[in-house]
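Asker: Submitted below is the structure of interest, expressed as structure tokens.
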Amino acid sequence: MGFQSLVIIFLLCISMANSDHLKQNKTILQCLTDHSIASPSISSVTFFPTDPSFTSTLQSYTRNLRFTSTTTPKPLFIVVPSHVSHIQASIICCKTHGLEMRIRSGGHDYDGLSYVSKAPFMILDLFNLRSVIVDNGTAWVESGATLGELFYAISQKSKIHGFPAGVCPTVGVGGHFSGGGYGNMMRKFGLSVDNVIDAKLVDVNGNVLDRESMGEDLFWAIKGGGGASFGIIISWKIKLVSVPEIVTVFKIEKTLEQGVTGIVHKWQYIADKIDPNLFIRVVLLPVNKKHLQSIKAKFIGLFLGNGQELSSLMNEAFPELGLSFDQCIEMSWIESILFWSNYPKGTSLDALLDRQPQQEKYLKKKSDYVQEPISKENLEGIWNKMIELKRPALTLNPYGGKMSEISEFETPFPHRAGNIYKIQYSVTWKDDGVEASGRSLDQIRKLYDYMTPYVSKSPRSSYLNYRDVDIGINENGNASYSEGVIWGRKYFKGNFERLVQVKSKVDPGNFFRYEQSIPCLGSWKSITAE
């Protein structure tokens, strides 16, 4: 057979494959149309790979550049619902065609589980559903809204209300709330989910449920158990919290040469016990310059009060940091959101409405909980390891206050009393390719392994919203109990079994599944019977 004949056969194969894809697309679109009653039609918010807008729609909320490569599995189609019937039709047609559904709100899922799958899948992207209605100390917020949009809407209605949630404005409400949602007011007001009072959800049968109709078990499960295991959460009703008209922020940097070891050591003893109106985060970074290898620590604070009160409090409880009155910056609560997001002073509040991050990166994150202060000697060992590895950073977030007062069984999020602080491990890089990715992943895993003696044990706990597939997955999303319990108890501790029971009741066929979805009771019983 000649070369020309081989080329013709190859082109024919491509043509046949394209024809098959077009037929499949047409069949799926017909299914979606048949089961959707909304105007505009669902076809206007459905994107197949043949559509010019497919790639931009896929990548517009892909926040981790690791998952933008040509080898990353792509969805068969994307639906961007603007009406509940678009969601209901998507569920029906995924069932009909045997497809997995990935549910995305803001796209900050660190390991990409909301928009990547090895199995044939589609993405339900909720960014069109983003209304925020603030009324008399409460708000209904749709899952596709960002935290920035929520904060902005609150600020337009009231100068004395806020909401305890994350400090990154481009994070989507849907994933943030359903995983717990922590921020710099959690020592005063708890997590985001501790202030959720209702929700609207589409279940596996297409029913639209609120708190009353879904029942307290399911309502409990979605408040920190990961909503994507149980249904599609359309919106949340939240209770706003009272904030003073003036709050105070600060940012102080210290290096090893300035005694950072002693300051961080003291921070461990006071950060979770100090006035709950005060939250002091510590960001630790290795410094690797030609003539200097060191550690830099950034102490970033929010105090729900004025600068004079903060200065007096710090002089008494934490003089080692050396915070002076002129380093205390007074502003409104909504302005403090911009400060914590590293916007320059004087930036317009309209910046909170920007749904795109200031910068997107290749990244990997991990988490831990610390329950006993780490000695100065062991802190120095950690600094040496960070300097050796060169890249990974540590962020320390204090607990205590309200977090110690709420039972670990109140919501699926169990990491309450007994924790001094949480660690976020972070590594970012700029270069594409397997080599750069492998090197950076190796660095963060080595630091995580090094930290083993100093963090929580039995289980070594992790935070669901710092999604980390390294701690275990359900292979191919099958969600067996034996696989799920490995990572499930790290995220949920003793609440994992209750989540399994709720999942088994509301989604017995395990339609809502992904690599770290809650497994069903049937798989649990089969394992325990063996």
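The values are calculated or read from the model by the stated rules, or taken from the named source; none is laboratory data. Bear in mind the structure is a predicted one, so any value in this text is a computation, not a measurement. Cβ coordinates were reconstructed from backbone atoms using ideal geometry, including for glycine residues, and neighbour counts include every protein chain displayed. These accessible areas exclude ligands, DNA and RNA; they are computed on the full protein's heavy atoms, side chains included. Shrake-Rupley method; radii C 1.70, N 1.55, O 1.52, S 1.80 Å.
Asker: Considering segment 173-222 alone, what residues qualify as being farther than 18 Å from Asn510 by Cα, over 20 Å from the mean Cα position of the chain (by Cα) and of a type in the set (Gly, Ala, Ser)?
Answerer: Listed by number, the residues that qualify are Ser213, Gly215.
Asker: Only one of these is touching a Cys at 6+ places or on another chain (Cβ under 9 Å) and either surrounded by fewer than 20 Cβ atoms within 10 Å (Cβ to Cβ) or in contact (Cβ under 8 Å) with a residue 60 or more places away in the chain (or both): Ser341, Ser332. Name it.
Answerer: Ser341
Asker: Within segment 234-246, is there a residue that is open to solvent by less than 40 Å² (accessible area, probe 1.4 Å) and either touching a Pro at 6+ places or on another chain (Cβ under 7 Å) or at pLDDT below 95 (or both)?
Answerer: The answer is yes, given that some residue of segment 234-246 is open to solvent by less than 40 Å² (accessible area, probe 1.4 Å) and either touching a Pro at 6+ places or on another chain (Cβ under 7 Å) or at pLDDT below 95 (or both).
Asker: Any idea which of Arg102, Arg66 is crowded, with 20+ Cβ neighbours inside 10 Å, outside the structural domain of Val434 (by the TED database) and at pLDDT below 95?
Answerer: Sole residue among the options that is crowded, with 20+ Cβ neighbours inside 10 Å, outside the structural domain of Val434 (by the TED database) and at pLDDT below 95: Arg66.
Asker: Hey, can you tell me all the residues within segment 469-482 that are of a type outside the set (S, T, N, Q) and either more than 22 Å from the chain's Cα centre (by Cα) or crowded, with 23+ Cβ neighbours inside 10 Å (or both)?
Answerer: If the condition is that a residue be of a type outside the set (S, T, N, Q) and either more than 22 Å from the chain's Cα centre (by Cα) or crowded, with 23+ Cβ neighbours inside 10 Å (or both), then Ala479, Tyr481 are the ones that fit.
Asker: Also, quick follow-up: Only one residue in Thr71, Thr55 is part of a loop (DSSP other than H, G, I, E, B) and open to solvent by 10 Å² or more (accessible area, probe 1.4 Å), so which one is that?
Answerer: Thr71
Asker: Got at least one residue in segment 107-119 being among the hydroxyl-bearing types (Ser, Thr, Tyr), closer than 30 Å to Ala271 by Cβ and not assigned by the TED database to the domain that holds Ile78?
Answerer: Looking for residues that are among the hydroxyl-bearing types (Ser, Thr, Tyr), closer than 30 Å to Ala271 by Cβ and not assigned by the TED database to the domain that holds Ile78, one finds none in segment 107-119, hence no.
Asker: Still on this model: Given the condition assigned to a strand (DSSP E or B), at pLDDT 95 or above, of a type outside the set (D, E, K, R) and farther than 30 Å from Arg498 by Cβ, answer yes or no: does some residue in segment 344-362 qualify?
Answerer: no
Asker: Also, I was wondering about something else. Which one is nearest to Gln258 (Cα to Cα), of the residues in segment 318-342 that are part of a loop (DSSP other than H, G, I, E, B) and touching a helix residue (DSSP H, G or I) at 6+ places or on another chain (Cβ under 6 Å)?
Answerer: This residue is Leu323.
Asker: Going by the structure shown, is Ser213 at pLDDT 95 or above, among the small types (Gly, Ala, Ser) and in contact with a Phe, Trp or Tyr (Cβ under 7 Å, 6 or more places away or on another chain)?
Answerer: Judged against the criteria, Ser213 is not a match.
Asker: Sticking with this structure for a sec: Specify which of the listed residues (Thr411, Thr428, Thr395) is touching a residue at least 40 places away in the same chain (Cβ under 8 Å) and either closer than 16 Å to Lys296 by Cα or in contact with a His (Cβ under 9 Å, 6 or more places away or on another chain) (or both).
Answerer: After ruling out the rest, the residue left standing is Thr395.
Asker: Another question, then. Tell me the residue from Ser41, Ser69, Ser60 that is more than 23 Å from Gly227 (Cβ to Cβ) and under 23 Å from the mean Cα position of the chain (by Cα), please.
Answerer: Testing whether each residue is more than 23 Å from Gly227 (Cβ to Cβ) and under 23 Å from the mean Cα position of the chain (by Cα) leaves just Ser69.
Asker: Continuing with the same structure: When residues of segment 156-165 are filtered for being touching a Leu at 6+ places or on another chain (Cβ under 8 Å) and either open to solvent by less than 10 Å² (accessible area, probe 1.4 Å) or in a helix (DSSP H, G or I) (or both), how many remain?
Answerer: 4
Asker: Within segment 133-147, take every residue that is among the polar types (S, T, N, Q) and part of a strand (DSSP E or B) and give me the one that is surrounded by the most Cβ atoms within 10 Å (Cβ to Cβ).
Answerer: Per the stated criteria, the residue is Thr146.
Asker: Could I ask something else about it? From the set of residues in segment 287-317 that are open to solvent by 40 Å² or more (accessible area, probe 1.4 Å), modelled with pLDDT of 95 or more and not in a helix (DSSP H, G or I), which is farthest from Leu394 (Cα to Cα)?
Answerer: Ranking the candidates gives Asn306 first.
Asker: Another question, then. Could you list, in sequence order, the residues of segment 497-509 that are of a type outside the set (Asp, Glu) and either open to solvent by 20 Å² or more (accessible area, probe 1.4 Å) or in the same structural domain as Phe121 (by the TED database) (or both)?
Answerer: Selection gives Arg498, Gln501, Ser504, Lys505, Val506, Pro508, Gly509.
Asker: Would you confirm whether any residue within segment 432-440 is open to solvent by 30 Å² or more (accessible area, probe 1.4 Å), in the same structural domain as Asn384 (by the TED database) and touching a residue at least 60 places away in the same chain (Cβ under 8 Å)?
Answerer: Within segment 432-440, one or more residues are open to solvent by 30 Å² or more (accessible area, probe 1.4 Å), in the same structural domain as Asn384 (by the TED database) and touching a residue at least 60 places away in the same chain (Cβ under 8 Å).
Asker: In segment 401-423, what count of residues is obtained for those that are of a type outside the set (A, V, I, L, M, F, W, C) and either open to solvent by 20 Å² or more (accessible area, probe 1.4 Å) or touching a Pro at 6+ places or on another chain (Cβ under 7 Å) (or both)?
Answerer: Number of matching residues: 9.
Table: residues versus (1) over 17 Å from Gly183 (Cα atoms); (2) among the β-branched types (Val, Ile, Thr).
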{"site": "Ser375", "(1), (2)": "yes, no"}
{"site": "Glu380", "(1), (2)": "yes, no"}
{"site": "Trp383", "(1), (2)": "yes, no"}
{"site": "Met386", "(1), (2)": "yes, no"}
{"site": "Asn397", "(1), (2)": "no, no"}
{"site": "Asn419", "(1), (2)": "no, no"}
{"site": "Val434", "(1), (2)": "yes, yes"}
{"site": "Leu441", "(1), (2)": "yes, no"}
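Asker: Has segment 78-99 got at least one residue that is over 28 Å from Trp429 (Cβ atoms), hydroxyl-bearing (Ser, Thr, Tyr) and part of a loop (DSSP other than H, G, I, E, B)?
Answerer: Yes, segment 78-99 contains a residue that is over 28 Å from Trp429 (Cβ atoms), hydroxyl-bearing (Ser, Thr, Tyr) and part of a loop (DSSP other than H, G, I, E, B).
Asker: Suppose the filter is among the hydroxyl-bearing types (Ser, Thr, Tyr) and within 19 Å of Gln424 (Cα to Cα); does Ser341 pass it?
Answerer: For Ser341, the condition - among the hydroxyl-bearing types (Ser, Thr, Tyr) and within 19 Å of Gln424 (Cα to Cα) - is met.
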